[in-house]
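Q: Take a look at this one; I'll ask things after.
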Amino acid sequence: MGRIKLHDKEFDIYLSEETIQQKVRDLAAAINKDYADKHPLFIAILNGSFMFAADLFKHLTIPAEISFIKLASYKGMKSSGQVITAIGLDVELHGRDVIIVEDIVDTGKTLHNFLPKLQHHQPASLRIASLLNKPEATQFPLDIAYTGFVIPDKFVVGYGLDYDGLGRNLKEIYQLAGA
Ligand code: 5GP
């Protein structure tokens, strides 16, 4: 299935299931090594990261915990800046080795706004694992410790990522056709 249609748009296959799964295993192996004597807490950001987080977690051999949160952004009453709040953040972060699990870092704005909120809880360490990264789109540089694939600035769907609600169930990752 090289080309698919979701709503009004066509998408071409970009990363196969096998390519993604191999990368997820590699990322898990790196984390197992780096956190060999630790007990990290993974915080997966919904919705897009659910599939990546589940597959990554299956390949961990260290003692690890996971919690899922949703980020909501709204305009603050006083400032014009975007305020990000976490829904479902019910774990104590103080002193923990925290790894944020993201599907994709695009402009970097979401995590750039959210990380200070997590730092406020004084975790022992805080790192980011993102399956995809679009450096050409970056406006808010972030230090991403674990990156799966560096991709061009084109809209992608599949493996948890959606286009207007559809496509999250796909095992592969697809790129907007002709973009
Ligand atoms: P950022 O704040 O880094 O600009 O945006 C991050 C969020 O935007 C991601 O977690 C994801 O939900 C959404 N996003 C960015 N690029 C894409 C893309 O190519 N495809 C899809 N489906 N979502 C994207």
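The values are calculated or read from the model by the stated rules, or taken from the named source; none is laboratory data. Everything quoted here is computed from the prediction, not taken from an experiment. All Cβ positions, glycine included, derive from the backbone under ideal geometry; neighbour counts span all protein chains shown. Calculation scope for accessible area: heavy atoms of the full protein, side chains included, ligands and nucleic acids excluded. Shrake-Rupley method; radii C 1.70, N 1.55, O 1.52, S 1.80 Å.
Q: Along each principal axis of its Cα atoms, how long is the stretch 1-114 end to end? Whole angstroms, biggest number first, please.
A: Projected onto the principal axes, the Cα atoms of the stretch 1-114 cover 49, 46, 20 Å.
Q: Which is the longest stretch in the chain that no exposed loop site breaks, taking sites as trypsin sites (Lys or Arg not before Pro) with a DSSP loop state and at most 16 other Cβ atoms within 10 Å?
A: Longest run free of exposed loop sites: 79-153.
Q: Between Leu176 and Asn113, take the C-beta separation as r, use R0 = 25 Å, and let me know the FRET efficiency to the nearest 0.05.
A: Result of the calculation: an efficiency of 0.45.
Q: What does the charge dipole of the chain about its Cα centre add up to, to the nearest 20 debye, if the Cβ of each Lys and Arg holds +1 and the Cβ of each Asp and Glu holds -1?
A: Value, rounded to 20: 340 debye.
Q: Starting at the first residue of the stretch 85-94, write each ³J(HN,Hα) from the Karplus equation 6.51 cos²θ - 1.76 cosθ + 1.60 with θ = phi - 60°, in whole Hz, x for Gly and Pro.
A: 10, 9, 9, x, 7, 10, 10, 6, 9, 4
Q: Then there's this: Accessible area per residue of the stretch 1-87 at 1.4 Å probe, in Å²?
A: Heavy-atom accessible area per residue stands at 58 Å².
Q: Another one. Nearest 5 percent is fine: what portion of the DSSP beta bridges confined to the stretch 1-87 is antiparallel?
A: 60 percent
Q: From the protein chains alone at 1.4 Å, what is the descending order of accessible area for Tyr163, Tyr14, Tyr146, Tyr74, largest first?
A: These residues rank, largest area first, as Tyr74, Tyr14, Tyr163, Tyr146.
Q: Just the number please: accessible area per residue for the stretch 95-179, 1.4 Å probe, all protein chains included, in Å².
A: Dividing the accessible area of the stretch 95-179 by its residue count gives 45 Å².
Q: Probe radius 1.4 Å, ligands and nucleic acids ignored: give me the carbon and sulfur share of the accessible area of the stretch 10-55 as a rounded percent.
A: The computed percentage sits at 50.
Q: Tell me, what is the 1.4 Å probe accessible area of His39, in Å² to the nearest 10?
A: Spelled out: His39, probe radius 1.4 Å, area about 90 Å².
Q: Take Phe140 and Ala29, extend 7 Å from each Cα along the Cα→Cβ direction, and tell me the distance between the two endpoints in nm.
A: Modelled inter-label distance: 3.4 nm.
Q: Restricting to the chain, what percent of DSSP beta bridges are antiparallel, rounded to 5?
A: In the chain, approximately 45 percent of DSSP beta bridges are antiparallel ones.
Q: Lysine pairs in the stretch 29-179 8 or more apart or on different chains: how many have alpha carbons under 20 angstrom apart?
A: Step by step, the pairs that qualify in the stretch 29-179 add up to 14.
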